[in-house]
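Below is a structure I'd like to ask you about.
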């Protein structure tokens, strides 16, 4: 029989006090990043699980947080979820996952129904179709952290990268390559969510900063940000009288779909058409060609989201809603830079 | 205000009685497939959600099922989970998801701790490292359905495709192409789980049926079934004095990694090396080249798993454990058949 791993074991391995371990596990803010990392490594190494049920029963909590995403089979969300689950687990929380298919009614129901509160103590929410009214109508006692789309109104935390700046950077990279006819795939001018509009804004700003105006017929709307959408949009673009010589795709999946269409039509990427994606999912690191992309710091997003949510759950008076900007960076790969060596 | 959608609304749209809708929603078996599909379509169309909390409180249940998978960011599991969530939702169940990273201790803990039963009524489990002893030691009152690896001992249901037959079929496809030196990537001879061993058995059987013996140095073990594993294993194979002219990969991710290595070394797929994968994930339908694969019927696996689990949850005496074989088929794409038209 293995004996149960205790808080004391974790403290010993991490070389800190039991109180410090307790602070990390409970998500309190008064711990340095360095110490937090050391404790987390010890927690993972020993397989320590806080005695959640006892703690929860004493505090009238479920010990679960819910994470709500539009689509589970979208790699960006599954990679993010993986990080959220790990961050929650070392703090003794289970994660209940729900997917909404982006349905506004489902999204609204999830944060409106106080009755479901029996199941979770707070929600990390990545909405697609939720409007401000639904957010305002939500259960006001529900601790809430929003990912991705929506600015905070002060009553919840919002964590995301600066989509406008990132999209401007992506477009500038294509302009720097000397491309003249840059397309954008993924616009959603009538969507409730703001992710697509922000990317289109960055795309326009990059052009405007150089005194250029993007061609309106090269800005393509898609229902989702997935491979089939990217493949179809690219086919449409190639059928134009003057097809593009570069494409800014609003996700790596869109980029992978677009590249598939280009390759199957006998075009070379990037020589004939350069392609840049968004999200930095693993797929784009192993595709042919590999995909240049905007890489959001998913680990930072996940950890911050869990920490802010646990802080809200543990607070008797709700903390001020924060706008958190997670870092991002441009990663240049073959789909814009070409192959380093070898031939196809 | 939208009024609440009722059982009666669903019955009306589906053209069946309220009792039939109730039977479907509660997962009872006495409904034909045709009727079940009609009801499910109506449930989804109307966004009907059974009044779970009331039902659960009356029955002393949580209204949640747990789904435990090794890795959430593996597309096979995220695609499967998506189907499980949909199937559970139309029956009024929430899904609690946990990932184990394939850690046997974590897997054991999940099915051993009766205390966690407060959170879920039953488990759909896709184990990696769990041994028979851990299965025997589990909480015997926990309704359990196992996916993928492990044969039923009569106390739980097991759902999976016939891995040996599918792997034989994949290997035969490569032999039919006239390939002489067929490698296998993904063997795990010392793993507790059986998935890898079964695939190797099918690989050997296909050779034996034609009086051939596979070269032992072409059977490569990998720690996981992911892209980096496939890329590394392929690099190793290409450095052999007599490299392979075809590769059977134990997952599509492995195949995508292997293809990446081949292309980056200037080799042609399938002309120089034909590649076949396993799982039929979306990635392989949009990659360059597209990936020939074994396609398990994920929808059938998910629906059957949920139905069997709800049947167990609803039964006062546990039903006999079933061995369920889900269908699979070989899907031939460019990585073995070459490009239909056009040039790269």
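The values are calculated or read from the model by the stated rules, or taken from the named source; none is laboratory data. Everything numeric in this text was worked out from a predicted model, so none of it was measured. Glycine also receives a Cβ, built like all others from the backbone with ideal geometry; neighbour counts cover every protein chain displayed.
Within region B:254-263, does at least one residue satisfy the condition of being crowded, with 20+ Cβ neighbours inside 10 Å, part of a loop (DSSP other than H, G, I, E, B) and more than 10 Å from every other protein chain (Cβ to nearest Cβ)?
no
Tally the residues that are touching a helix residue (DSSP H, G or I) at 6+ places or on another chain (Cβ under 7 Å) and farther than 17 Å from residue B:255 by Cβ, restricting the search to region B:291-321.
Residues of region B:291-321 touching a helix residue (DSSP H, G or I) at 6+ places or on another chain (Cβ under 7 Å): B:291-294, B:298-299, B:301-303, B:305-306, B:318-319.
When the remaining residues are screened for being farther than 17 Å from residue B:255 by Cβ, the result is B:298-299, B:301-303, B:305-306, B:318-319.
Within region B:291-321, residues that are touching a helix residue (DSSP H, G or I) at 6+ places or on another chain (Cβ under 7 Å) and farther than 17 Å from residue B:255 by Cβ number 9.
Just one of the numbered conditions (1) at pLDDT 95 or above; (2) crowded, with 19+ Cβ neighbours inside 10 Å is not true of residue B:236; which one?
Among (1) at pLDDT 95 or above; (2) crowded, with 19+ Cβ neighbours inside 10 Å, residue B:236 violates only (2).
Which of the residues spanning region A:271-289 are within 19 Å of residue B:74 (Cα to Cα) and within 12 Å of another protein chain (Cβ to nearest Cβ)? It would help to see each step written out before you state the result.
To start, the set of residues in region A:271-289 that are within 19 Å of residue B:74 (Cα to Cα) comprises A:279-287.
Those that are within 19 Å of residue B:74 (Cα to Cα) and within 12 Å of another protein chain (Cβ to nearest Cβ): A:281, A:282, A:283, A:284, A:285, A:286, A:287.
Please give the helices (runs of 4 or more DSSP H) falling wholly within region A:71-150 in which 1 or more residues are buried (at least 24 other Cβ atoms within 10 Å of the Cβ) and within 11 Å of chain B (Cβ to nearest Cβ). Step through it out loud before you land on a result.
Working: elements: A:75-89, A:104-112, A:132-136.
It comes to A:75-89.
Checking the condition in a helix (DSSP H, G or I) and modelled with pLDDT under 70, which residue from A:2, A:19, A:55 passes?
Every option except A:55 fails the conditions.
So, one more: Only residues that are part of a loop (DSSP other than H, G, I, E, B) and touching a helix residue (DSSP H, G or I) at 6+ places or on another chain (Cβ under 8 Å): list them for region B:228-253, please.
Correct list: B:240, B:243, B:244, B:250, B:251.
Output the number of the condition that residue B:248 fails; it satisfies all remaining conditions of (1) buried (at least 23 other Cβ atoms within 10 Å of the Cβ); (2) over 18 Å from residue B:294 (Cβ atoms).
Unmet for residue B:248, out of (1) buried (at least 23 other Cβ atoms within 10 Å of the Cβ); (2) over 18 Å from residue B:294 (Cβ atoms): (2).
Then there is this: Do you know which residues across region B:83-102 are in contact with a strand residue (DSSP E or B) (Cβ under 7 Å, 6 or more places away or on another chain) and free of Cβ contacts under 8 Å to residues at least 40 places away in the same chain? It would help to see each step written out before you state the result.
Within region B:83-102, the subset in contact with a strand residue (DSSP E or B) (Cβ under 7 Å, 6 or more places away or on another chain) is B:84-85, B:88, B:93-100.
Scanning region B:83-102 gives B:85, B:95, B:96, B:97, B:98, B:99, B:100.
Report yes if some residue within region A:204-216 is in a helix (DSSP H, G or I), free of Cβ contacts under 8 Å to residues at least 60 places away in the same chain and within 14 Å of chain B (Cβ to nearest Cβ); otherwise report no.
Filtering region A:204-216 for residues in a helix (DSSP H, G or I) gives A:204-208, A:216.
Cutting the leftovers down to free of Cβ contacts under 8 Å to residues at least 60 places away in the same chain gives us A:204-208, A:216.
Then keep just the ones that are within 14 Å of chain B (Cβ to nearest Cβ); that gives none.
Within region A:204-216 (the criterion being in a helix (DSSP H, G or I), free of Cβ contacts under 8 Å to residues at least 60 places away in the same chain and within 14 Å of chain B (Cβ to nearest Cβ)), the answer is no, since none of the residues qualifies.
Could I ask something else about it? Given (1) surrounded by fewer than 17 Cβ atoms within 10 Å (Cβ to Cβ); (2) touching a strand residue (DSSP E or B) at 6+ places or on another chain (Cβ under 8 Å); (3) in contact (Cβ under 8 Å) with a residue 40 or more places away in the chain, identify the lone condition not met by residue B:329.
(3)
Give the residue that is farthest from residue A:171 (Cα to Cα), with candidates limited to residues of region A:264-286 that are part of a loop (DSSP other than H, G, I, E, B) and free of Cβ contacts under 8 Å to residues at least 24 places away in the same chain.
Step one: of region A:264-286, the residues part of a loop (DSSP other than H, G, I, E, B) are A:265-273, A:277-282.
Now restrict to residues that are free of Cβ contacts under 8 Å to residues at least 24 places away in the same chain: A:266, A:268.
Numbers: A:266: 25, A:268: 20 Å.
Among those that are part of a loop (DSSP other than H, G, I, E, B) and free of Cβ contacts under 8 Å to residues at least 24 places away in the same chain, it is A:266.
Restricting to region B:166-200, name every residue that is surrounded by fewer than 16 Cβ atoms within 10 Å (Cβ to Cβ) and in a helix (DSSP H, G or I).
Hit for region B:166-200 is B:176, nothing else.
Of all the residues that make up region A:287-311, how many are over 18 Å from the mean Cα position of the chain (by Cα), assigned to a helix (DSSP H, G or I) and surrounded by 21 or more Cβ atoms within 10 Å (Cβ to Cβ)?
Residues that pass the stated criteria total 1.
May I ask you to say which residue of A:42, A:11, A:29 is under 27 Å from residue B:134 (Cβ atoms) and either touching a helix residue (DSSP H, G or I) at 6+ places or on another chain (Cβ under 8 Å) or at pLDDT 80 or above (or both)? Walk me through it before giving the result.
Numbers: A:11 fails: under 27 Å from residue B:134 (Cβ atoms); A:29 fails: under 27 Å from residue B:134 (Cβ atoms).
On inspection, the qualifying residue turns out to be A:42.
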